[in-house]
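Single-structure report; data block below.
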Amino acid sequence: MMLDKYFKEPLLWDYIISSVITCISVTVYIYNFIELPKIDRSLSITSDLSNVGLTSAGFILTLLTVLITFKSNVKITKENYNNDDPLFELFFASDLYLLTVKILKNCIKSLIFISVFGYCLKIGLPQTKLQLTFFFNIFGLSIIALTLWRCLLILTKILKMQE
């Protein structure tokens, strides 16, 4: 299934998809189909995206903390489970739990990277190049959207297990 391939290397796929989207937007700009927005607007969006990235990283960190806390309260392991145990508790004894924690941890890293990179662009780019933050905004928005979509998929699967 397509999602299985995606979840094997989600960060790689996120960055490939976002790079393709950004390259398409650069191409569209080069061929004069779009104009770059004013520098103030682009910088404002860069700040907004960086704030959204850090805030989202905080929410995912909270989710990860809750999952780890639930795991500490579960007494079953791979060796002592039986079919009568709730599916949600079996999740904590399975390899899916470790994979979920790894994916969520990488989501946090990616969001923090995008946020810090956005602020670094604002600080480090010379005035004459600040308009190029528009393309970072496309890239950053793509990364944030894909990361949050992945977290939503994981949460949906976990909620289905609790039913």
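Of these, D40, D48, which one is acidic (D, E), at pLDDT 90 or above, closer than 29 Å to L141 by Cα and surrounded by 11 or more Cβ atoms within 10 Å (Cβ to Cβ)? One residue alone meets the criteria, D48.
The condition of being over 27 Å from V66 (Cα atoms) and touching a residue at least 12 places away in the same chain (Cβ under 8 Å) holds for F117.
Quick one: count up the residues across the stretch 96-120 that are under 16 Å from V52 (Cα atoms) and not basic (K, R). Summing the residues that are under 16 Å from V52 (Cα atoms) and not basic (K, R) in the stretch 96-120 gives 13. Restricting attention to the stretch 120-141, the residues that are hydroxyl-bearing (S, T, Y) and either in contact (Cβ under 8 Å) with a residue 60 or more places away in the chain or under 21 Å from I108 (Cβ atoms) (or both) add up to 1.
Name the single residue, out of those in the stretch 80-113 being among the aromatic types (F, W, Y) and either touching a Cys at 6+ places or on another chain (Cβ under 6 Å) or assigned to a helix (DSSP H, G or I) (or both), that is nearest to R150 (Cα to Cα). Show your work before the answer.
As a first pass, look at the stretch 80-113 and keep what is among the aromatic types (F, W, Y): 81, 88, 91-92, 97, 113.
So of that shortlist, the ones also either touching a Cys at 6+ places or on another chain (Cβ under 6 Å) or assigned to a helix (DSSP H, G or I) (or both) come out as 88, 91-92, 97, 113.
Working: F88: 20, F91: 18, F92: 19, Y97: 15, F113: 17 Å.
My answer is Y97.
In the stretch 84-100, the count of residues that are at pLDDT 90 or above and either surrounded by 15 or more Cβ atoms within 10 Å (Cβ to Cβ) or in contact with a Ser or Thr (Cβ under 8 Å, 6 or more places away or on another chain) (or both) is one or more.
If you check S110 against the conditions, is it of a type in the set (G, A, S) and under 23 Å from Y15 (Cα atoms)?
Details: of a type in the set (G, A, S): yes; under 23 Å from Y15 (Cα atoms): yes.
Considered against the rule, which asks whether it is of a type in the set (G, A, S) and under 23 Å from Y15 (Cα atoms), S110 comes out as yes.
Taking the numbered list (1) assigned to a helix (DSSP H, G or I); (2) of a type outside the set (A, V, I, L, M); (3) open to solvent by less than 70 Å² (accessible area, probe 1.4 Å) in turn, C23 passes all entries but (3).
When the stretch 131-163 is filtered for residues that are open to solvent by 40 Å² or more (accessible area, probe 1.4 Å) and small (G, A, S), only A145 remains. Among the residues making up the stretch 26-49, a single one is of a type in the set (F, W, Y) and outside any loop (DSSP other than H, G, I, E, B): Y29. Show the residue pairs meeting these rules: Cβ distance below 8 Å; 6+ apart or different chains; first residue within the stretch 48-76 and more than 15 Å from S110 (Cβ to Cβ) and among the basic types (K, R); second residue modelled with pLDDT under 95 and surrounded by 16 or more Cβ atoms within 10 Å (Cβ to Cβ). Correct list of pairs: K71/F92; K71/Y97.
The values are calculated or read from the model by the stated rules, or taken from the named source; none is laboratory data. Bear in mind the structure is a predicted one, so any value in this text is a computation, not a measurement. Quick reminder, even Gly has a Cβ in these numbers, built from the backbone with ideal geometry, and neighbours come from all protein chains shown. Calculation scope for accessible area: heavy atoms of the full protein, side chains included, ligands and nucleic acids excluded. Shrake-Rupley method; radii C 1.70, N 1.55, O 1.52, S 1.80 Å.
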